[in-house]
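K.L.:
What follows is a structure written as structure tokens; I'll ask about it next.
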6 protein chains.
Amino acid sequence: MEREQFFEDYELGAARQTLARTITEADIVFHAGHSGDFFPHHMDAEWCKTQPFGARVAHGTMTFAIGIGLTATQINPRAFTYGYERLRFPNPVYAGDTIRTTVTIGALDDDPKRPAHGRVTEVCETTNQDGKTVMYCEHILLAERKEAAQ
Amino acid sequence: MEREQFFEDYELGAARQTLARTITEADIVFHAGHSGDFFPHHMDAEWCKTQPFGARVAHGTMTFAIGIGLTATQINPRAFTYGYERLRFPNPVYAGDTIRTTVTIGALDDDPKRPAHGRVTEVCETTNQDGKTVMYCEHILLAERKEAAQ
Amino acid sequence: MEREQFFEDYELGAARQTLARTITEADIVFHAGHSGDFFPHHMDAEWCKTQPFGARVAHGTMTFAIGIGLTATQINPRAFTYGYERLRFPNPVYAGDTIRTTVTIGALDDDPKRPAHGRVTEVCETTNQDGKTVMYCEHILLAERKEAAQ
Amino acid sequence: MEREQFFEDYELGAARQTLARTITEADIVFHAGHSGDFFPHHMDAEWCKTQPFGARVAHGTMTFAIGIGLTATQINPRAFTYGYERLRFPNPVYAGDTIRTTVTIGALDDDPKRPAHGRVTEVCETTNQDGKTVMYCEHILLAERKEAAQ
Amino acid sequence: MEREQFFEDYELGAARQTLARTITEADIVFHAGHSGDFFPHHMDAEWCKTQPFGARVAHGTMTFAIGIGLTATQINPRAFTYGYERLRFPNPVYAGDTIRTTVTIGALDDDPKRPAHGRVTEVCETTNQDGKTVMYCEHILLAERKEAAQ
Amino acid sequence: MEREQFFEDYELGAARQTLARTITEADIVFHAGHSGDFFPHHMDAEWCKTQPFGARVAHGTMTFAIGIGLTATQINPRAFTYGYERLRFPNPVYAGDTIRTTVTIGALDDDPKRPAHGRVTEVCETTNQDGKTVMYCEHILLAERKEAAQ
């Protein structure tokens with residue numbers, strides 16, 4: 001569960017895939033109540049029938065929270081989140097869809113301001129049962145350098 | 001609740017502030033269960049006491065979901081979300097903190113690929129009761145141009 | 001659990017008292033998400049400090065739902081709810097308060113439009129740990145008459 | 001979101017309509033757990049099949065909480081809830097129904113005991129996707145009089 | 001609700017049956033979030049289709065929690081739980097199944113270490129709408145002896 | 001996350017320890033609503049003050065669900081749950097306690113009825129922040145024998 005990884009231990013292109021999870025109507029209802037966003041896109045089945053997307057869709061914030069939550073299986077005590085870039089939702093998530101996330105090490109960069117750390121870019125791509133991308137983002141980690149830790 | 005705004009109706013620098021909401025231990029527990037992220041940073045009070053941050057902190061995905069959820073009071077049928085940029089969590093959120101979000105129109109750009117739309121950048125900044133920023137991001141909307149709608 | 005009672009079986013002045021339940025911050029957060037009411041009276045601890053009531057208060061709709069929910073221990077297959085009258089919230093409910101409901105048969109009336117039924121008025125009074133009334137209402141039931149059932 | 005209205009600002013017959021919301025099986029399960037009411041009318045699909053209503057129905061307390069919650073979009077700092085009258089549930093709500101509430105100013109009365117306030121009666125009517133009324137009640141507000149505020 | 005029963009008041013073979021409750025997809029999603037168990041057996045509809053059981057199944061811990069929870073209608077102040085034996089899940093529970101529990105007094109034994117108490121074995125059997133057993137366990141209570149209480 | 005283990009791969013005495021999790025008031029409220037058990041031991045803070053245990057305690061079914069849920073990090077496709085034995089709750093769990101589970105292989109037995117499987121006994125012991133045992137049980141698995149799989 002805990003897996004110590006210094007900046008030098010990350011390997012460009014290495015990828016891992018999470019378990020999958022079926023998104024349910026209950027998740028959408030729960031997320032509306034949790035976030036306070038009751039927009040008709042998520043909550044009003046009758047109105048959605050009249051729209052191009054045709055049915056209630058998951059909140060982007062939920063697809064992000066669950067898509068990223070699926071990756072939370074390994075704790076690295078040598079790294080912490082700096083932020084996320086380019087968060088996109090190319091396709092909608094509907095109740096009944098089953099999603100999983102692939103995390104790929106997309107870049108390994110120096111951090112000019114923090115010489116003791118390196119910058120790891122985890123490309124997170126969440127796909128549904130048809131292989132369509134429903135969430136894309138770049139998770140930026142700062143990982144301790146081995147030399148700095150000594 | 002619905003407020004129709006074309007690209008031309010957005011005003012650079014215009015700002016609105018949401019209601020505030022106190023984040024509770026219950027929210028953190030819910031979010032762990034909703035996202036599946038049970039990392040000790042959010043769930044293990046004993047371990048957190050031994051860390052620099054000192055107490056359980058909200059998940060970044062939750063600060064994002066609630067920080068953005070607070071803004072969900074006006075539906076604009078002429079715009080839709082393109083994505084989010086530069087999502088950051090400069091300070092932690094603890095149970096008991098009260099947060100609100102300020103949305104400022106930060107940029108209004110042409111979209112080279114979509115001439116019928118303009119690109120609106122909403123700068124979202126969520127602050128706590130001490131005025132510290134706990135979430136920052138740029139919400140990119142694509143808004144229909146009035147001329148194109150005619 | 002099921003207790004069959006015809007109109008004739010109700011006794012004016014008969015009273016029963018429910019178990020007690022401590023209302024928690026989690027209940028208030030949950031109710032906001034369930035009802036969609038995120039008003040600062042329930043959700044913004046900082047603002048509440050500046051108000052006469054001093055702290056976040058339970059939603060009236062929650063005090064009603066839980067106050068009545070506490071009475072849901074006996075099913076009478078011979079009666080059904082007609083409605084509620086005079087719903088009041090004389091004192092606020094705060095997280096940490098412990099409430100229970102007393103149900104008293106307050107009136108037994110004919111129902112001019114439904115000769116096969118009688119009208120039972122259950123006076124429901126929910127009190128907190130200091131004996132203060134936090135919810136009052138009159139629950140109107142229509143109960144089958146024994147003679148009509150024969 | 002905040003809209004200051006004195007008693008004199010309310011207009012008899014003025015009406016507003018809320019967004020709509022689809023009630024789900026998840027809502028019914030949540031409400032049972034929240035209220036503690038696990039009666040078979042709401043929870044036992046097999047038994048419900050043998051009854052005239054045919055399927056699990058929403059709790060009245062839930063239809064009230066959500067029906068009123070839908071109206072919680074405008075905060076009037078000059079008014080507060082006095083209570084509710086004539087709460088009725090003329091038709092059942094099933095999972096899958098989409099409901100919305102219309103609020104109409106039904107009466108504007110003096111309050112003999114509180115000369116600085118007037119009594120506003122908001123008639124709340126919640127309807128489903130077929131236009132059938134599923135909840136009716138009269139919400140009584142006490143609103144400050146402009147003259148008294150001066 | 002409270003029903004005082006000394007050891008001598010329990011009768012071998014006496015049985016009571018609870019109300020029934022339909023298990024929903026929402027319950028399974030809640031339980032995953034509550035317990036932290038997001039195994040694909042409960043959460044991944046696509047994978048389950050490829051397995052002999054064919055669809056997402058309830059967690060055993062949930063069938064236990066709800067199966068026992070259904071029995072929580074009578075509080076006996078003279079008895080307390082010692083533990084559970086032989087907990088089994090002979091058949092799966094799917095969303096849509098309706099379950100109820102039968103509690104039978106299966107044994108009444110002396111407790112060698114606690115002469116003031118007797119040992120009551122409540123056999124708990126939870127069945128679905130087809131009469132199949134989905135949970136079996138033996139709940140061991142220690143009940144005060146009448147003679148000891150005098 | 002998936003780790004294939006045949007019966008022959010289990011080692012007597014091998015132990016693993018889970019992450020820890022702080023149990024909150026929200027968990028207790030949630031479990032009451034999920035299980036339907038609203039007994040005053042869990043829900044009535046005022047009454048609990050008058051009892052030897054002094055404060056609301058977690059439901060045994062919740063301590064079991066979370067204690068076992070904490071272990072759900074490794075899926076073994078070669079084994080399945082047969083049941084649980086000797087489930088005990090030697091000490092209460094209060095809101096604010098932090099618990100974790102240690103799983104030890106306590107026995108490896110033949111299964112007379114299933115020659116292709118062996119019987120693995122996982123001793124599960126959940127302890128709080130003071131090292132006190134709050135849950136004990138023996139989880140019985142049936143694991144495929146390597147020879148049988150060939």
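The values are calculated or read from the model by the stated rules, or taken from the named source; none is laboratory data. Just so it is clear, the structure is predicted and the values come from calculations on it, not from any experiment. Cβ coordinates were reconstructed from backbone atoms using ideal geometry, including for glycine residues, and neighbour counts include every protein chain displayed. These accessible areas exclude ligands, DNA and RNA; they are computed on the full protein's heavy atoms, side chains included. Shrake-Rupley method; radii C 1.70, N 1.55, O 1.52, S 1.80 Å.
K.L.:
Which is of a type in the set (Phe, Trp, Tyr), within 14 Å of chain F (Cβ to nearest Cβ) and assigned to a loop (DSSP other than H, G, I, E, B), of D:Phe53, D:Phe38, D:Phe30?
P.N.:
On the way: D:Phe53 fails: within 14 Å of chain F (Cβ to nearest Cβ); D:Phe30 fails: assigned to a loop (DSSP other than H, G, I, E, B).
Only one candidate passes the filter, namely D:Phe38.
K.L.:
Ok, one more. If a residue must be of a type in the set (Ser, Thr, Tyr), over 20 Å from B:Phe39 (Cβ atoms) and in a loop (DSSP other than H, G, I, E, B), how many such residues does the stretch A:1-27 contain? It would help to see each step written out before you state the result.
P.N.:
Going residue by residue through the stretch A:1-27, those that are of a type in the set (Ser, Thr, Tyr) are A:10, A:18, A:22, A:24.
Those still in the list that are over 20 Å from B:Phe39 (Cβ atoms) too: A:22, A:24.
Cutting the leftovers down to in a loop (DSSP other than H, G, I, E, B) gives us A:24.
Here the count works out to 1.
K.L.:
Please go through the stretch A:67-85 and pick out each residue that is over 15 Å from A:Arg119 (Cα atoms), in contact (Cβ under 8 Å) with a residue 24 or more places away in the chain and facing chain B (nearest Cβ under 7 Å).
P.N.:
A:Ile68, A:Leu70, A:Ile75 - these are the residues of the stretch A:67-85 that are over 15 Å from A:Arg119 (Cα atoms), in contact (Cβ under 8 Å) with a residue 24 or more places away in the chain and facing chain B (nearest Cβ under 7 Å).
K.L.:
For the stretch D:43-73, give me the residue count where each residue is among the aliphatic types (A, V, I, L, M) and touching a Leu at 6+ places or on another chain (Cβ under 8 Å).
P.N.:
Going through the stretch D:43-73, the residues among the aliphatic types (A, V, I, L, M) turn out to be D:43, D:45, D:55, D:57-58, D:62, D:65-66, D:68, D:70, D:72.
Filter once more, keeping what is touching a Leu at 6+ places or on another chain (Cβ under 8 Å): D:43, D:70.
The total comes to 2.
K.L.:
Right, something else. Going residue by residue through the stretch A:101-113, is there one that turns out to be at pLDDT below 95 and more than 19 Å from B:Phe89 (Cβ to Cβ)?
P.N.:
Yes, some residue in the stretch A:101-113 is at pLDDT below 95 and more than 19 Å from B:Phe89 (Cβ to Cβ).
K.L.:
Restrict the check to the stretch A:138-150 and report whether at least one residue is open to solvent by 40 Å² or more (accessible area, probe 1.4 Å), within 24 Å of D:Phe30 (Cα to Cα) and touching a residue at least 60 places away in the same chain (Cβ under 8 Å). I'd like the intermediate steps shown before the answer.
P.N.:
Step one: list which residues in the stretch A:138-150 are open to solvent by 40 Å² or more (accessible area, probe 1.4 Å), which gives A:144, A:146-150.
In the following step, the residues that additionally are within 24 Å of D:Phe30 (Cα to Cα) were identified as none.
No - not one qualifying residue is present in the stretch A:138-150.
K.L.:
Read through the list (1) more than 30 Å from A:Phe39 (Cα to Cα); (2) in contact with a Ser or Thr (Cβ under 9 Å, 6 or more places away or on another chain), then give the number of the only condition that C:Glu46 fails.
P.N.:
C:Glu46 satisfies all of (1) more than 30 Å from A:Phe39 (Cα to Cα); (2) in contact with a Ser or Thr (Cβ under 9 Å, 6 or more places away or on another chain) except (1).
K.L.:
Which ones in the stretch F:86-97 are assigned to a strand (DSSP E or B) and either surrounded by fewer than 17 Cβ atoms within 10 Å (Cβ to Cβ) or within 14 Å of chain E (Cβ to nearest Cβ) (or both)? Please lay out each step first, then the result.
P.N.:
Taking the stretch F:86-97 first, the residues assigned to a strand (DSSP E or B) are F:86-88, F:94.
Across the stretch F:86-97, the qualifying residues are F:Arg86, F:Leu87, F:Arg88.
K.L.:
Considering (1) part of a strand (DSSP E or B); (2) more than 9 Å from chain E (Cβ to nearest Cβ); (3) open to solvent by 40 Å² or more (accessible area, probe 1.4 Å), say which one F:Val103 fails and leave the rest.
P.N.:
Unmet condition: (3).
K.L.:
Of the conditions (1) more than 9 Å from chain E (Cβ to nearest Cβ); (2) buried (at least 21 other Cβ atoms within 10 Å of the Cβ), F:Phe64 satisfies every one except a single condition; which number is it?
P.N.:
(1)
K.L.:
Among the listed residues B:Arg114, B:Arg119, which satisfies the condition of being more than 20 Å from C:Pro40 (Cβ to Cβ) and in contact with an Asp or Glu (Cβ under 6 Å, 6 or more places away or on another chain)? First the steps, then the outcome.
P.N.:
On the way: B:Arg114 fails: in contact with an Asp or Glu (Cβ under 6 Å, 6 or more places away or on another chain).
Sole residue among the options that is more than 20 Å from C:Pro40 (Cβ to Cβ) and in contact with an Asp or Glu (Cβ under 6 Å, 6 or more places away or on another chain): B:Arg119.
K.L.:
Looking only at the stretch F:41-50, filter to residues that are more than 10 Å from chain D (Cβ to nearest Cβ) and more than 17 Å from F:Asp97 (Cβ to Cβ); which one of those is surrounded by the most Cβ atoms within 10 Å (Cβ to Cβ)?
P.N.:
From the stretch F:41-50, those more than 10 Å from chain D (Cβ to nearest Cβ) are F:41-42, F:44-50; that's our starting set.
From what's left, more than 17 Å from F:Asp97 (Cβ to Cβ): F:44, F:46-47, F:49-50.
Working: F:Asp44: 22, F:Glu46: 15, F:Trp47: 16, F:Lys49: 12, F:Thr50: 8.
Applying the filter and picking the extreme gives F:Asp44.
K.L.:
Being crowded, with 22+ Cβ neighbours inside 10 Å, out of contact with any Lys or Arg (no Cβ under 9 Å at 6 or more places or on another chain) and among the basic types (Lys, Arg) narrows it down to one residue among B:Arg16, B:Arg21, B:Arg3, B:Arg56; which is it? Full working, then the answer.
P.N.:
Values: B:Arg16 fails: crowded, with 22+ Cβ neighbours inside 10 Å; B:Arg21 fails: out of contact with any Lys or Arg (no Cβ under 9 Å at 6 or more places or on another chain); B:Arg3 fails: crowded, with 22+ Cβ neighbours inside 10 Å.
It is B:Arg56.
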